[in-house]
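Asks: Handing you a structure now.
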Amino acid sequence: MQNSKALENVKLTKSSLCYVLEGGEILLAMKKRGFGEGYWNGYGGKQLPGETMTDTAVRETKEEIGIEATELEKVAELTFLFPWAPKGKNWNQLVTVYLIKRWRGEPKESDEMKPQWFDQQHIPYESMWDDDKYWLPLVLKGKKIKGLFVFGRDFKVKEMHIEEESTTKPT
């Protein structure tokens, strides 16, 4: 990954991010409070001590929209940097992204998230985090990626680097 030297001294919070897919639809949720309030997003959050990242993804999805993910596919590792964040706030994250294709239960609203299905051809990128429009279409097309996004004070992407994982294995 480009800029790996610059990332050596940056403290990153490890988090999960999940998107539920069914047919040609994607289940997004409106963030009702906290960091990212007012944006459509997937579900996820910070990894707790002793959890694998998959455990984190399953727990957060259950807490936020009430379903239990039973089949998750890791599709991305994304680094988000906020170099201007207020003193005492660490918004920098290393996020593992999963697609959920099988689950138990019915999605329901929580005090944090309000889920809604969208046709994958009509994803509301204008009401999502600015980075989503760059990487989410790639993973929805079956790509596995790594990405780095640096946000400005306006929460717009100021720098980015995306690389696709190679599908060929060394011989």
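Asks: Can you name the residue in region 17-38 that is open to solvent by less than 60 Å² (accessible area, probe 1.4 Å) and part of a loop (DSSP other than H, G, I, E, B) and, of all such residues, is nearest to Lys114 (Cα to Cα)? Steps first, please.
Replies: Looking only at region 17-38, we keep the residues that are open to solvent by less than 60 Å² (accessible area, probe 1.4 Å), and these are 17-21, 24, 26-31, 34, 36, 38.
Still in the list and also part of a loop (DSSP other than H, G, I, E, B): 24, 34, 36, 38.
Numbers: Gly24: 20, Gly34: 13, Gly36: 13, Gly38: 11 Å.
Selected residue: Gly38.
Asks: Suppose we filter region 50-71 for residues that are open to solvent by less than 70 Å² (accessible area, probe 1.4 Å) and part of a loop (DSSP other than H, G, I, E, B); how many remain?
Replies: Matching residues across region 50-71 total 3.
Asks: Tally time: how many residues in region 152-171 are acidic (Asp, Glu), over 19 Å from Lys74 (Cβ atoms) and either in a strand (DSSP E or B) or open to solvent by less than 70 Å² (accessible area, probe 1.4 Å) (or both)? Spell out the reasoning first.
Replies: Step one: filter region 152-171 for residues acidic (Asp, Glu), giving 154, 159, 163-165.
Then keep just the ones that are over 19 Å from Lys74 (Cβ atoms); that gives 154, 159.
Then keep just the ones that are either in a strand (DSSP E or B) or open to solvent by less than 70 Å² (accessible area, probe 1.4 Å) (or both); that gives 159.
Residues flagged as acidic (Asp, Glu), over 19 Å from Lys74 (Cβ atoms) and either in a strand (DSSP E or B) or open to solvent by less than 70 Å² (accessible area, probe 1.4 Å) (or both) within region 152-171 amount to 1.
Asks: Given (1) outside any strand (DSSP E or B); (2) more than 16 Å from Phe35 (Cβ to Cβ), identify the lone condition not met by Trp117.
Replies: Tallying (1) outside any strand (DSSP E or B); (2) more than 16 Å from Phe35 (Cβ to Cβ), Trp117 fails exactly one: (1).
Asks: Hey, any hits in region 143-151 for a residue that's in a loop (DSSP other than H, G, I, E, B) and touching a Gly at 6+ places or on another chain (Cβ under 8 Å)? It would help to see each step written out before you state the result.
Replies: So in region 143-151, the residues in a loop (DSSP other than H, G, I, E, B) come out as 143-144.
Now restrict to residues that are touching a Gly at 6+ places or on another chain (Cβ under 8 Å): none.
Checking region 143-151: not a single residue is in a loop (DSSP other than H, G, I, E, B) and touching a Gly at 6+ places or on another chain (Cβ under 8 Å).
Asks: Tell me, which residue of region 86-138 that is basic (Lys, Arg) and without any contact (Cβ under 8 Å) to a residue 60 or more places away in the chain is surrounded by the fewest Cβ atoms within 10 Å (Cβ to Cβ)? Give the steps one after another, and end with the answer.
Replies: Residues of region 86-138 basic (Lys, Arg): 87, 89, 101-102, 104, 108, 114, 133.
Now narrow it down to the ones that are without any contact (Cβ under 8 Å) to a residue 60 or more places away in the chain: 87, 89, 102, 104, 108, 133.
Numbers: Lys87: 4, Lys89: 9, Arg102: 12, Arg104: 9, Lys108: 12, Lys133: 13.
Checking each candidate, the answer is Lys87.
Asks: Turning to a different aspect of this structure: If you check Gly88, Gly45, Gly36, which single one turns out to be under 26 Å from Gly152 (Cβ atoms), touching a helix residue (DSSP H, G or I) at 6+ places or on another chain (Cβ under 6 Å), of a type outside the set (Phe, Trp, Tyr) and at pLDDT below 95? Spell out the reasoning first.
Replies: On the way: Gly88 fails: touching a helix residue (DSSP H, G or I) at 6+ places or on another chain (Cβ under 6 Å); Gly36 fails: touching a helix residue (DSSP H, G or I) at 6+ places or on another chain (Cβ under 6 Å).
None of the others qualify; the one that does is Gly45.
Asks: Another question, then. Keeping to region 120-142, report how many residues are touching a strand residue (DSSP E or B) at 6+ places or on another chain (Cβ under 9 Å), more than 16 Å from Trp40 (Cβ to Cβ) and not in a helix (DSSP H, G or I).
Replies: Final tally of qualifying residues: 1.
Asks: From the set of residues in region 1-33 that are of a type in the set (Gly, Ala, Ser) and closer than 20 Å to Met160 by Cβ, which is modelled with the lowest pLDDT? Break it down into steps so the answer makes sense when it comes.
Replies: Here is the first cut: in region 1-33, the ones of a type in the set (Gly, Ala, Ser) are 4, 6, 15-16, 23-24, 29.
After this cut, where a residue has to be closer than 20 Å to Met160 by Cβ as well, the list is 4, 6, 15.
On the way: Ser4: 49, Ala6: 55, Ser15: 97.
Residue satisfying both the conditions and the ranking: Ser4.
Asks: Give all pairs with beta carbons closer than 7 Å in which a residue from region 56-67 that is modelled with pLDDT of 95 or more meets a residue that is open to solvent by less than 10 Å² (accessible area, probe 1.4 Å) and in a helix (DSSP H, G or I); count only pairs at least 6 apart in sequence or on separate chains.
Replies: What qualifies is Ile67/Thr61.
Asks: Now for a separate question. Given (1) over 14 Å from the mean Cα position of the chain (by Cα); (2) at negative phi; (3) at pLDDT below 95, identify the lone condition not met by Lys158.
Replies: Going through (1) over 14 Å from the mean Cα position of the chain (by Cα); (2) at negative phi; (3) at pLDDT below 95 one by one, Lys158 breaks only (3).
The values are calculated or read from the model by the stated rules, or taken from the named source; none is laboratory data. A quick note: this is a predicted structure, and the numbers were derived from the prediction, not measured. Heads up, the Cβs are rebuilt from the backbone with ideal geometry, glycines too, and the neighbour counts pull from every protein chain shown. We work out accessible area using only protein heavy atoms, side chains counted, and drop any ligands, DNA or RNA first. Shrake-Rupley method; radii C 1.70, N 1.55, O 1.52, S 1.80 Å.
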